[in-house]
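Novice: My questions all concern the structure below.
The values are calculated or read from the model by the stated rules, or taken from the named source; none is laboratory data. Here the structure is a predicted model, which is why all the values come from computation and not from measurement. Cβ placement follows ideal geometry from the backbone for every residue including glycine, while neighbour counts extend to all protein chains displayed. Heavy atoms of the whole protein, side chains included, go into the accessibility calculation; ligands, DNA and RNA do not. Shrake-Rupley method; radii C 1.70, N 1.55, O 1.52, S 1.80 Å.
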Amino acid sequence: IMDSEKDVLILDVRTVHEFDAGHIKDAGCVPVDEIENTFKDMPIAKNKLILVYCRSGRRSKIAAQKLADMGFTNVYEFGGVIHWSYGIVREK
């Protein structure tokens, strides 16, 4: 999906510290506890493709449900970065 879709939001819902230690290329970081406040007034289409992950999959499931509860209809939770085998980006 990341390779074939042009308009996709890759969302890392770990802490900023975890994100900086290594994340999936092109991902943005919104910690799970900040999902509602960040997305409530964001001018983003409710049908935007959003791919959600965390470290192991627990927080991404919570975040994906929060987004669905807010009316987002194209949200996919794909588990944790610990199972990601395609390389990660580290902040310097």
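Novice: Could you say which residue among I35, I50 is among the β-branched types (V, I, T) and farther than 22 Å from Y86 by Cβ?
Specialist: I35
Novice: In addition: Can you tell me which residue in region 64-92 is most open to solvent (accessible area, probe 1.4 Å), limited to those that are within 16 Å of V8 (Cβ to Cβ) and among the aliphatic types (A, V, I, L, M)?
Specialist: This residue is V75.
Novice: Can you report the number of residues in region 1-30 which are among the β-branched types (V, I, T) and either in contact with a Cys (Cβ under 7 Å, 6 or more places away or on another chain) or part of a helix (DSSP H, G or I) (or both)?
Specialist: Final tally of qualifying residues: 2.
Novice: Moving to a separate point now. Inside region 31-56, can you point out the residues that are in a loop (DSSP other than H, G, I, E, B), more than 16 Å from D7 (Cβ to Cβ) and in contact (Cβ under 8 Å) with a residue 24 or more places away in the chain?
Specialist: R55, S56
Novice: Name, by its number, the condition in (1) in contact with a helix residue (DSSP H, G or I) (Cβ under 9 Å, 6 or more places away or on another chain); (2) touching a residue at least 24 places away in the same chain (Cβ under 8 Å) that does not hold for D20.
Specialist: (1)
Novice: Name the single residue that is most open to solvent (accessible area, probe 1.4 Å) among those in region 1-53 being touching a Leu at 6+ places or on another chain (Cβ under 7 Å) and β-branched (V, I, T).
Specialist: It comes out as I1.
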